């Protein structure tokens, strides 16, 4: 039983890594606290549902994040670029309004009833690990989370664009003075962040039901992860996501009456101990 609970914690932690990576990237470069990020995750899941219905899951896994990337570039150009110098309350109101617009759009197009996406046939089986039968698809979710974490870390540390992203996150003015087009860079990063939210939605669709309220189920945990890890820090988000996944999975079994507030208790203790989060504000 403990092995199954730990496995479920890994699965949820991996999903949070994919989700929170985009949230951390957007804040790190645009300094915009995107309350609509959960609705982007939901929109990606519904796009994946429609694409999978007309083709297959693997096409949806590529096409839905690609569409979300285009949406993210437009969102940066006509939204986040205009918000980065505004006061925090204005940012909260605009992104919350965007959340409501996307939720209404989803309800209009797909309705209010719960939908589901079938797992791909290749992964619609179980695998025995140390004598325990584990769903192959959920192992695939863990693999996706690991690949996203590794890929983003290598990209930021060893690529030229990754260097520009880290520099612009620290000092956008000086980075622009060095000849880097920070607006184009930011649009690309917001596009990537939205694509990751869409990817998380598609990956979650086969084992979580799709509903217009699904954004609320994950955005709170996502913000807890980003705050604990340190605003704008990917490494902190990775660590916090896995820790929160374990806390949620074990807490729901062993202390169910206290499980809902446990992440917030941990967040309060972390912020008292280190207000900047586990990894500060570094990307």
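Read-outs: derived from the displayed coordinates by stated rules, not from any lab. On a predicted model such as this, the values are computed, not experimentally measured, just so you know. Counting neighbours? That spans all protein chains shown, and the Cβs are built from the backbone with ideal geometry, glycine included.
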Legend entry - With Cα atoms, 0 to 90° folded angle of helix 234-254 axis to the chain main axis: 30
Legend entry - Hull-based mean projected area of segment 75-214, where the convex hull spans the alpha carbons, in square nanometres: 11.9
Inset, instruction - Return the FRET efficiency for the residue pair residue 5, residue 272: r is the Cβ-Cβ distance, R0 is 25 Å, and the value is rounded to the nearest 0.05. - result: 0.30
Inset, instruction - Measure nothing but the geometry: give the 0 to 90° angle between the long axis through the Cα atoms of 2-30 and the longest principal axis through the Cα atoms of the chain, rounded to 10°. - result: 20
Legend entry - Of 169, 209, 39, the one that fluctuates the most in a GNM where the chain has Cα springs shorter than 10 Å: 209
Legend entry - Gaussian network model of the chain, Cα within-10 Å springs - most flexible of 119, 260, 241: 260
Legend entry - Cβ-Cβ FRET estimate between residue 78 and residue 109, R0 fixed at 30 Å, reported to 0.05: 0.90
Inset, instruction - Would you kindly compute the Cα radius of gyration of segment 216-283 and its largest Cα-Cα separation (Dmax), both in Å? - result: 11.6, 36
Legend entry - Simple label model, 7 Å out from Cα along Cβ direction - residue 62 to residue 157, nm: 2.9
Inset, instruction - Could you give me the percent of Cα pairs per 10 Å distance bin for the chain, shortest bin first, beginning at zero and ending with the bin that holds the maximum distance? - result: 7, 29, 36, 22, 6, 1
Legend entry - Structure-based [θ]222 nm, the chain - -39500 (n - 2.57) summed over DSSP H runs of at least 4, per residue, nearest 500: -24000 deg cm²/dmol
Legend entry - In degrees, nearest ten, helix 160-170 long axis to first principal axis of the chain (Cα): 70
Inset, instruction - Starting from the exponent 0.38 and prefactor 2.2 Å, build the expected Rg for segment 4-98 from its residue count and divide its actual Cα Rg by it. - result: 1.24
Inset, instruction - For segment 108-155 and segment 79-94, compute the distance between their C-alpha centroids and round to whole Å. - result: 34
Legend entry - Separation in nanometres of the label points that stand 7 Å from Cα toward Cβ, at residue 254 and residue 150: 3.0
Legend entry - Span from the segment 8-25 Cα centroid across to the segment 191-265 one, whole angstrom: 6
